[in-house]
Amino acid sequence: MSVRMRTFDWAATPLGPPSGWPQPLRTLVTVMLSAEQAMFLTWGPERTLLYNSAYGVILGRKHPAALGQPFMQVWQEAASELTPLFERVDAGEPVHMDDISLVLERHGRPEEAHFAFSYTPVRDDHRRVAGLFCPCSDTTAQVMSERRRAFRLKLADELRNLASPEDIMLAAEHALGSYLGATRVGYATPEQDGLHATLQTGFNAAGLAKLSGRYAFAALGRELAASQSQGRTSVLQDTALDPDAAAAWSSIGSRACVWVPLVRDGRLRTCLMVLSDAPRAWSQEDVSLIEDVAARSWETVERARAEANLRRLNETLEQRVAERTAERDRLWTNSRDLLVVLDRQGVFHAVNPAVHGVLGWTPEELVGRSFRDFVHPDDLPATEDALVQVTADRLEVFDNRWRHRDGSYRWLSWTGRPDGEILYAIGRHITAEKEQQAALVRAEETLRQSQKMEAVGQLTSGLAHDFNNLLTGISGGLELLQSRLAAGRTDNLTRYIDIAQAGARRAASLTHRMLAFSRRLTLDPRPTNLDHLVAGMEELIRRTIGPEIALHVSPCRNLWATLIDPAQLDSALLNLCINARDAMPDGGTLMITTANHDLGAAQAARHEVSAGHYVSLCVTDTGGGMTAEVIRRAFDPFFTTKPIGTGTGLGLSMVYGFARQSGGYAHIDSAPGRGTTLCLYLPRHAASPEASAAEAAREPADGGGRAVLLVDDEPAVRQLAGEVLRERGYRVLEAEDGPSGLRMMQSGARVDLLVTDVGLPGGMNGRQLADAARAGRSDLPVLFITGYAETAVLGEGQLAPGMHLLTKPFTLNVLAERVGELLKA
């Protein structure tokens with residue numbers, strides 16, 4: 001199939017040349033062609049069909065013409081059954097079926113077929129469902145074999161419960177006719193000058209009488225009659241007859257027939273006839289089944305007559321027991337499942353002949369040995385537990401692997417019951433089912449990995465695009481600043497400085513948004529009243545949205561406090577207001593509301609948070625609203641509906657990540673034409689926000705000669721930070737790693753504040769340094785400065801009292817102000 005697909009004229013199909021195929025389609029074609037299991041996939045609105053060699057076997061005569069054709073055109077005879085399944089996949093829903101029955105024309109005639117499969121929706125580069133991927137197995141032979149086996153067992157049970165020979169024959173006829181879908185089924189027995197028929201309802205008994213003659217078969221032709229007299233089965237498959245036979249045949253109206261004579265002691269006892277009005281090719285399995293039913297049912301008739309004679313003659317109880325024992329022996333001998341008898345120690349006392357077909361051993365080779373000699377070593381502990389369970393009559397179903405005579409292993413599924421010191425168990429061979437399940441898991445994992453790599457590619461390409469733009473502005477501003485200074489031109493230098501600083505601030509904002517989206521942003525949470533925070537932001541929001549948009553703020557009475565990073569929430573709220581402004585280019589109304597909520601278990605489970613009390617902050621606009629597809633992708637990184645160059649696509653992803661990392665969630669309620677409401681739900685916090693607000697209001701103090709220990713492995717950070725702190729009047733001690741900083745702390749030098757990076761070389765990180773320094777000085781204030789979300793080091797966002805956080809990059813003035821604030825406190 002690899003050769004066929006490479007040489008196929010794809011340009012003549014809706015898919016076009018393979019060089020233009022989307023990446024998901026190419027990935028799945030590679031997976032499919034390298035697989036041994038039957039697989040196919042369809043792509044595009046026409047559902048163009050691609051498949052591997054194993055699936056070509058399933059297609060039968062339709063292969064290879066089916067390649068590149070619309071799927072429903074290839075399987076048009078089953079389109080009504082398959083179309084609803086494809087429509088579910090088009091809607092994004094995977095479909096798995098262990099068994100589906102279809103009537104297909106794979107070999108020139110309609111035939112029943114069975115399959116196990118999984119339909120998986122495949123999305124294109126735009127995240128739309130564009131195709132369907134299906135690993136499948138043709139289970140027709142297995143289903144038919146199990147059906148025939150079940151039919152035989154059911155018929156045997158039905159016949160065993162009947163005493164009248166006439167009832168037995170009628171039951172066999174009816175069961176066989178229903179199973180095969182035959183037109184007429186009947187037994188004929190020779191009597192005097194003709195034929196007496198016991199026939200299923202609908203059989204033309206008058207027409208059958210015209211077939212009288214020697215055993216009533218002469219009208220079917222000499223060859224057919226000869227085969228009947230010799231006791232051979234005759235099969236007629238839409239075959240022309242000689243005129244005499246045709247005249248009699250037409251009175252019955254059948255064109256296909258199987259006649260099974262039963263000859264005992266050199267003479268014909270009876271004949272089972274199965275007739276069909278429609279042309280058909282009788283399979284060998286069908287013929288064998290008809291012969292088996294004829295023999296078994298007639299044996300049952302004879303047995304019934306014998307039993308009647310035994311009852312009339314009042315035979316001994318021993319004779320009746322022997323008959324029942326023979327029946328059980330036949331079940332023991334003919335069962336395809338393993339039937340075993342063993343003791344509580346796991347030693348086999350008896351095993352039926354099915355063990356040879358499944359495991360290659362003879363029953364004699366297992367009797368007297370323990371199951372431990374045959375079970376896979378990895379499955380022994382679980383099998384020992386199963387033995388205990390079956391002994392206590394608690395075993396439901398148990399699967400394990402057994403060693404075949406050739407050294408390989410087979411999967412068996414067991415059930416069992418105890419009877420005193422003896423255990424009875426039945427094992428069903430399930431290796432094929434296990435292999436199919438494993439193949440499906442491998443195929444689905446390959447698909448998931450492909451989709452994961454597509455997402456990573458989209459994320460990195462978007463990030464690289466935005467950072468390259470920002471770095472161009474920074475490097476360009478610095479380059480022009482350098483060239484102007486070299487030329488002695490000092491006018492308008494601040495313009496280039498402003499360009500570079502603006503790029504740096506935007507780069508810092510971009511990294512914060514990425515960390516917030518990934519929920520790896522290091523937060524500095526404080527007890528906060530959202531109404532106070534909104535009030536402090538209200539004037540900035542009014543200036544940002546402009547006079548064309550009316551702003552309404554609706555605070556909540558007695559609003560609960562929440563534990564969040566106020567600076568990050570300020571940024572999130574401003575982002576939401578900017579998005580709302582952009583959604584109302586012709587003006588409108590923007591509403592900011594807060595509320596208390598009691599989240600029940602069901603609603604909390606839907607949003608993957610804990611049930612309890614939450615505080616909401618909602619931003620509502622009267623803009624054009626969002627479609628369901630936009631809502632579904634709104635929190636994806638770099639997804640934006642704004643024109644190119646006007647949005648990074650990280651605003652809502654940052655808001656979403658910040659809410660999740662803070663223990664809450666974000667929710668969008670919108671529809672086209674009715675505006676949008678985006679709400680943040682944040683957990684309630686019991687502490688009062690007043691203390692945090694008071695701390696935030698403190699003004700920074702001058703250095704006053706106090707000592708600051710600055711620990712950072714980046715020389716530029718130490719140089720610049722040290723310089724600005726010394727200008728503010730602080731005495732600055734510097735260290736490049738954790739061990740050096742600890743030695744300074746232990747040297748006896750005065751240290752009023754420890755400022756340290758989190759990620760440090762030398763085997764000691766910033767948190768370890770702070771803990772060691774505070775071991776002798778529990779009141780020592782610590783300011784962590786970090787550019788990455790080292791939450792594992794900092795304690796998952798929960799800092800100890802006296803420890804604070806400043807995220808890189810920061811301005812030097814902000815650092816100096818934060819140092820002064822902490823020393824004053």
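The stretch between E396 and Q69 holds 113.0 nm of extra length on full extension. This uses 0.36 nm per residue minus the Cα-Cα distance.
Report the gain in length on full extension from S554 to T415: 0.36 nm times residue separation, minus Cα-Cα distance, nm rounded to one decimal.
Values: separation 139, 0.36 × 139 = 50.04 nm, distance 6.61 nm.
Roughly 43.4 nm would be gained on extension.
The portion of the accessible surface of the range 336-429 made up by carbon and sulfur, rounded to a whole percent, is 52 (1.4 Å probe; DNA, RNA and ligands excluded).
Work out the FRET efficiency for L102 and D598 from their Cβ-Cβ distance, taking R0 = 60 Å, and round it to the nearest 0.05.
Once rounded, the FRET efficiency stands at 0.70.
Phi-derived couplings, Karplus 6.51 cos²θ - 1.76 cosθ + 1.60 at θ = phi - 60°, listed residue by residue for the range 355-363: 4, 5, x, 8, 10, x, 8, 8, x Hz, with x used for Gly and Pro.
Spin-label model, A749 to R109: label points 7 Å out along the Cα-to-beta-carbon direction sit 9.8 nm apart.
I'd like the carbon and sulfur percentage of the solvent accessible area for the range 702-792, probe radius 1.4 Å, heavy atoms only, ligands and nucleic acids excluded.
Working: 1890 of 4020 Å².
Accessible surface attributable to carbon and sulfur in the range 702-792 totals 47 percent.
Using θ = phi - 60° in the Karplus curve 6.51 cos²θ - 1.76 cosθ + 1.60, the 3J(HN,Hα) couplings for the range 585-600 round to x, 9, x, x, 10, 10, 10, 10, 10, 10, 6, 9, 9, 10, 8, x Hz; x is entered for Gly and Pro.
Check which residues have an amide H placed less than 5 Å from V122's amide H, if you skip close sequence neighbours. Residues meeting the amide H criterion: A130, G131, L132, F133. Could you state the accessible area per residue of the range 701-742 in Å², with a 1.4 Å probe and every protein chain left in place? Using a 1.4 Å probe on heavy atoms only, each residue of the range 701-742 averages 44 Å².
Debye sum, Cα scatterers, the range 531-593, no solvent: what log₁₀ I/I(0) at q = 0.12 1/Å? Taken in order of the listed q values, log10 I(q)/I(0) reads -0.30. Within the assembled protein chains, the solvent-accessible surface assigned to H613 is about 80 Å², based on a 1.4 Å probe.
For K62, the aspartates and glutamates whose Cα falls under 15 Å of its own Cα, not counting residues fewer than eight places away in the same chain, are E77, E105, E111.
State the Cα centre-to-centre distance between the range 408-435 and the range 17-87 in whole Å. Answer, in whole Å: 38. The residues of the range 1-60 present an accessible area of 46 Å² per residue when probed at 1.4 Å with all protein chains retained. A cut-off of 5 Å between modelled amide H atoms, ignoring neighbours fewer than 5 places along the same chain, links R369 with F348. For the range 87-130, the solvent-accessible area with a 1.4 angstrom probe is 53 square angstrom per residue.
Fully extending the segment from S740 to R148, taken as 0.36 nm per residue of separation minus the present Cα-Cα distance, adds 204.8 nm.
Less than 5 angstrom separates the built amide H of V263 from those of R269, all sequence-distant by 5 or more or on a different chain.
For the range 1-66, which whole percent of the accessible surface, found with a 1.4 angstrom probe, sits on carbon and sulfur atoms? The partial results should precede the final answer.
Working: 1750 of 3160 Å².
Roughly 55 percent, rounded to a whole number.
Take the Cβ atoms of A611 and D570, set R0 to 30 Å, and the FRET efficiency comes out at 0.60. With each label modelled as a point 7 angstrom along the Cα→C-beta vector, the A825-S408 pair spans 7.0 nm. Distance between the modelled labels on E817 and R160, one decimal in nanometres: 9.1 nm (7 Å Cα→Cβ projection).
The values are calculated or read from the model by the stated rules, or taken from the named source; none is laboratory data. Since we're looking at a predicted model, the values are computed, not measured. In this analysis, Cβ positions are derived from the backbone assuming ideal geometry, glycine residues included, and neighbour counts consider all displayed protein chains. Surface accessibility is based on the protein's heavy atoms, side chains included, excluding ligands, DNA and RNA. Shrake-Rupley method; radii C 1.70, N 1.55, O 1.52, S 1.80 Å.
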